[in-house]
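A quick write-up on the structure given underneath.
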Amino acid sequence: MNKKVALYWLISLLILASMLLSACGGTPATTVAPVAPVTEAPATEAPQEAALPNCGTDPILMNVVFETGWDMPTQLTEEFTKQFPNVTWNISMEQFANLITTTPMLLSSDNPPDLIRLPTMVSFAQDGLLKSLDEYAQAFGWNDWPVPQLNQNRLDENWVRGSGTLYAMGLNYSMTGVFYNKKLAAQIGMTEPPKTVAEFEALLAAAKAAGLQPIMEWGSAKSGMGLAFPLQNLMAAYGPVEPINDWIFQKVGATIDTPSNLIAAQHLQDWIEKGYFPPDINAIEYTDAANRFGNGEGVFTFNGDWQNGGYDAAMSGNVGFFLFPPAEAGGGYAAMSAPLTYGIAAKAKHADCAAFFFNWAATNETARQINVDGMGSNPGGPVGASVPTVAAGSVTIDTLAAGPLLSGAMDFIANATSSIFAQGWTPELQKMVGGQQDAAGLLKAVQAEYLRELSQ
Amino acid sequence: MTSDNHPVAPALSRWNIRRESIVGWLFILPALLMYAFFVLVPFLFTILYSFFRWNGVGPMTWVGVKNYISVLQVPNLVGTIFNAFWLVVWFSFIPVGLGLIVASVIYRVATGRFGAVARTVLFLPQVIALVAAGIIWGWLLALPGLINQMLSAIGLDALTRAWLGDFNWALPSVGMVGIWVLLGFCIVLLQTGMGKIDPSFYESARLDGASWFQEFLAITVPLLRHEIGVCLTVTVIAALAAFDIIWVTTAGGPGNATSVPGIQIYILAFTQRSIGLASALAVMLMALVVIVILPIQWLTRESAQ
């Protein structure tokens, strides 16, 4: 019996051992050395006469990963192929939430994307999965473009964002602020955008008194808590933007629990308690909030210019936009403004062509027009680049006009760490809505979560 | 002859047994290989990863049991475990209890076409994609949704609320979705068990004047203990290791009102990219499930014997 049992175990162990060995062989490499910027041209490309990297003349199939729900990048590739017929595109579409989980696998695969929408950047660069774009920036003159366009995609030697090596580019640059329903705003006596927070709060009170929904916003954990938008706007109204960016960029010693941020959070708590947000906000998803605002539910909504097309379609000519006002009249305007970030895999086969595409998208007149028509965001590019035309009555006129008014730009507080939104802002703001958290507790809880994540 | 045969017969017998056992192993080898590849290997790797700091791509660093200590600092971890046990009531006790009653009624009363239709309708949630079900339930339970409209129609406006966004009602609402999903499974399994009960038991009971409820308690429930054990095991695991139903309905919100360890594992692994921490929590969750399931298994086996 003992021999038989021993035989069973031996066979089982042998099977398991062989499975383990084979599985070990298939696991991701445990050491991935950071890859230095590639300077040589891809094998498929012939040496170019011009000094600038480009797509050559041989047929190239670009392997790209875009975000589901946005057609603009695909429209750009179609236009690019019209202008450079030797380049064709193999486009994969992924939901943004899926990109967070699949990007590391895509970047480390044997056939990595030449161009990919990046949900986050720092950890991929740290792992050597992203190509440094410094040489391309030098070649194309991107370093001479307005500084805010590129600095969010730069990483220093300590992997802190804001300066250093360029690892990604923005296809465009979003602008956030307050959208308003023109008819409802007129109904509560708004003749021009508010110039101070106090004026804005007076409008909210007037909307509430008139029986209107003052602000439409989303807050379901499935979408992530939309109250982070007004909160960050309030933070930038009551304090400088630099400490907020320092916190987002994970600079040593940075904290979100500051006196000015406490004032901002207290204002948000006050808005919640006065019923300025929908009572079911904790169950409202992003798309529901956009639809409900489009259907006339809500005088204001905090959102970004990526929603311009949706709002224009739902309430053509009846939607306006303004930057969230400063605390004091005459103060500077600040807003969250982030690039629509795309990167090139470290092992991409056609990196030069991808970099050429970045430059083309920001400088080609037709590409810039497609960019603005498709998403409504600023296409960036060099100072003096062509200004795309915008259809009369489109809210894009307002969002593009807001750009020059900005004196401070921030990334999103939801992007400080990979899960600060899911583990910090969303649950704590939901608790504030439910009366289970106050302003001081919110900032302390989020800071504690931030430190916990950084320590891991 | 006799003395010569004695040493040979056991040798032949041992060879036969060995040959049969080898043949037996060969029969189960394909299934064993699949099981090893899809269950045992990931299981062993999960344990292995739990001792490393790793983001899924970069270098792995050995940290010993540090992940098991760090994971205890995950926000509201105790609360998520409490939520999982609270879900046992909704995912397990109610579907099994209700399943017993419904299966018994169908078995006794509706044996014809109506019974088959009822069984199919109740089993249908098992074959509907859970993501689609989550979206539909999200609409039904929203503030402007059908459930609140029905409450308003009968004058119960005071009860209307965003069920999945309410701190007190989100977990019971998710629990209701769990009942909807798991009830059909329990009914089908229990009714299959009822088919194996000797009808003479019921005849004897009826001759003795037993009511339906007395038959149910004295015959049906005791003789279905094994099936009840299977139902309890499957549904308790579904509650403690819940992920999909929660993810598609609330994603753990509002606050952490519906957050369960499965959600935390997902966030740690795929959002925070802390594979080691996620693996440590997964191992701890597995241990918790085993601790809860083993007594159920032991009790139902004892009963079956």
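For GluC sites (Glu not before Pro), no site in the stretch A:67-115 is both called loop by DSSP and has at most 14 other Cβ atoms within 10 Å. As a ratio to 2.2 N^0.38 Å, the alpha-carbon radius of gyration for the stretch A:323-456 is 1.40. Straight-line cross-link partners of A:K274 among the aspartates and glutamates, defined as a Cα under 17 Å from its Cα and at least 8 positions apart when in the same chain: A:E199, A:E201, A:E217, A:D438. Here's how it looks for B:V63: its modeled amide H is under 5 Å from those of B:F52, B:R53, which are all 5 or more places away or on a different chain. Counting only other residues whose beta carbon sits under 12 Å from that of A:P214, what net charge do I get with K and R as +1, D and E as -1? Taking every Cβ under 12 Å from that of A:P214, the sum is -1. For the stretch B:24-56 and the stretch A:326-387, what is the separation of their Cα centres, given in Å? Computed from Cα coordinates, the inter-centre distance equals 46 Å. Adding -39500 (n - 2.57) for every DSSP H run of four residues or longer, then dividing by how many residues chain A holds, sets the calculated 222 nm ellipticity at -12500 deg cm²/dmol.
So if R0 is 45 Å, what FRET efficiency would A:A97 and B:D198 give, r being the distance between their Cβ atoms, rounded to the nearest 0.05? So the FRET efficiency works out to roughly 0.25. Mean silhouette area of the stretch B:9-49, derived from the convex hull of its C-alpha atoms and averaged over all directions, reads 3.7 nm². Using just its DSSP H runs of length 4 or more, each adding -39500 (n - 2.57), chain B gives a mean residue ellipticity at 222 nm of -21500 deg cm²/dmol after division by all residues. Taking the inverse of the mean 1/r over every pair of distinct Cα atoms in chain A gives a Kirkwood hydrodynamic radius of 23.8 Å. For the stretch B:70-166, the square roots of the Cα gyration tensor eigenvalues, ordered a ≥ b ≥ c, give a/c of at least 1.5 with a/b no greater than b/c, which places it in the oblate category.
Taking a ≥ b ≥ c as the square roots of the eigenvalues of the Cα gyration tensor, the protein assembly as shown is classed as oblate, since a/c reaches at least 1.5 and a/b does not exceed b/c. If R0 equals 22 Å, the separation of the Cβ atoms of A:A198 and A:T255 corresponds to a calculated FRET efficiency of about 0.20.
Ordering A:H350, B:H226 by the number of other Cβ atoms within 10 Å of each residue's own Cβ, fewest first, gives B:H226, A:H350.
Starting from the Cα gyration tensor of the stretch B:67-300, take the square roots of the eigenvalues, sort them a ≥ b ≥ c, and report rounded, prolate or oblate (rounded when a/c is under 1.5, otherwise prolate if a/b is larger than b/c, else oblate). Taking the square roots of the gyration eigenvalues as a ≥ b ≥ c, the stretch B:67-300 is oblate. Coupling constants for the stretch A:135-147 follow from the phi torsions by the Karplus curve (6.51 cos²θ - 1.76 cosθ + 1.60, θ = phi - 60°), and in residue order they are 5, 5, 4, 5, 5, 8, x, 5, 5, 8, 6, x, 3 Hz; glycine and proline get x.
Over 25 Å apart at the Cα level, from the set A:K222/A:K431; A:K251/A:K431; A:K183/A:K208; A:K131/A:K251, are A:K251/A:K431.
With the simple spin-label model, which puts each label point 7 Å out from Cα in the Cβ direction, the B:N168 to B:F43 separation comes to 4.3 nm. Taking the fewest neighbouring Cβ atoms within 10 Å as the starting point, the ordered list for B:C186, A:C55 is A:C55, B:C186.
Every read-out reported here was derived from the displayed coordinates using simple, explicitly stated rules and does not represent laboratory data. Keep in mind the model is a prediction, meaning the values are calculated, not measured. Neighbour counts run over all protein chains shown; Cβ positions are idealised from the backbone, glycine included.
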